[in-house]
Amino acid sequence: MDNRKRLVIITGLSGAGKSLATATFEDLDYFCLDNLPPNLLPAAVELWQPPRDAQDVAITVDVRAGQFFEDLLPIIQQLRQSELPQFSRPMLLFLNASDAELVKRFKETRRKHPLVKKEHGILEAIKIEREALADLQEQADKIIDTTNLEPEGLRRLLREFFSPTKPQERLMVAIVSFGFKHGVPLDADVVFDVRFLANPFWVPELKEKDGTTEEAQQYILSDPLTEPLLEKLFDLVEFSIPQYIKEGKAYLTIAIGCTGGKQRSVVVANELAKFLASANYVVRVEHRDLHQVRGQTDAR
């Protein structure tokens, strides 16, 4: 099995969506470089030589490089012929769009085309750029015409073609336990309330035991309502998360709340994290209120 990382070189017409493409690659956990002079490409690739661990890398090179741009195609060919121990064969992504659409986009954004000069306007600049890019377009591994694509359409195409092999790796799931008395996490996408579960706070010998202790865990997990809750919770996230991935969501925060955020929510959050990790999702767990100072009326 080839475990080498991907090296993607992004180029194409100005206004065709290269900035959006770069942002999408960043969401896919690629290391991204924008507007790199072509002559620096080999040196950039050398950064990930052993024993340094490689990453998936996306590098944008276009006519903004000015007089250096004409060196891009020979350098790509050189990289393709080289033995890159950390990377598979470099892939060239070319973004295209119609002249009319490019003119429209530049007018809407009020951005200046990089090749517009005193002696010629935007249509002539686009013509000159097309001519400069013709050979690169012929050598491209993937050409995407963005003329009729909405931003999400381009993002979806890039995810389908360049995303990690495992769909689970496209989404970072954060599971946050919290206490309602301290407020719902501002970045929560989904909130579950588990205050109906048996509360160990009212058991004298468990009052000071938080949800990371075996005693509190056993008490909460032995509640007859906990098992069916977890089953339904697992079923729901198992169904929902692939839909979030399909829509291109890069981060999902699932918040689990009880009263004080120290016992019930901690246990349920940990159980959910274990379930998602077993399904190979990338999971981060945060117990936001676990170390909050306890008040006199605290009921966890």
Practice problem: Kindly indicate whether L102 is in a helix (DSSP H, G or I) and crowded, with 16+ Cβ neighbours inside 10 Å. | Solution: yes
Quiz item: Give me the pairs: first residue in the range 174-197 and outside the structural domain of I254 (by TED's automatic domain parsing), second residue among the charged types (D, E, K, R) and not in a loop (DSSP other than H, G, I, E, B), beta-carbon distance under 9 Å, and six or more apart or on different chains, which are they?
Solution: none
Self-check item: Residue in the range 66-116 that is nearest to R155 (Cα to Cα), counting only those that are in contact with a Gly (Cβ under 7 Å, 6 or more places away or on another chain) and among the aromatic types (F, W, Y)
Solution: F94
Quiz item: So which residues in the range 10-53 are assigned to a helix (DSSP H, G or I), within 21 Å of the chain's Cα centre (by Cα) and modelled with pLDDT of 90 or more?
Solution: K18, S19, L20, A21, T22, A23, T24, F25, E26
Exercise. Among the residues of the range 263-300, count how many are small (G, A, S), touching a Phe, Trp or Tyr at 6+ places or on another chain (Cβ under 9 Å) and modelled with pLDDT under 90.
Key: 1
Practice problem: Would you be able to say whether some residue in the range 216-227 is polar (S, T, N, Q), surrounded by fewer than 16 Cβ atoms within 10 Å (Cβ to Cβ) and at pLDDT 95 or above? | Solution: yes
Practice problem: Could you grab me the full set of residues in the range 72-88 that are in a loop (DSSP other than H, G, I, E, B) and either buried (at least 17 other Cβ atoms within 10 Å of the Cβ) or not polar (S, T, N, Q) (or both)? | Solution: E83, L84, P85, Q86
Quiz item: If you go through the range 155-173 one residue at a time, do you hit one that is of a type in the set (D, E, K, R), surrounded by 15 or more Cβ atoms within 10 Å (Cβ to Cβ), more than 19 Å from the chain's Cα centre (by Cα) and not assigned by TED's automatic domain parsing to the domain that holds A279?
Solution: no
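The values are calculated or read from the model by the stated rules, or taken from the named source; none is laboratory data. Everything numeric in this text was worked out from a predicted model, so none of it was measured. Please note: Cβ atoms are built from the backbone with ideal geometry, for glycine as well, and neighbour counts cover all protein chains shown.
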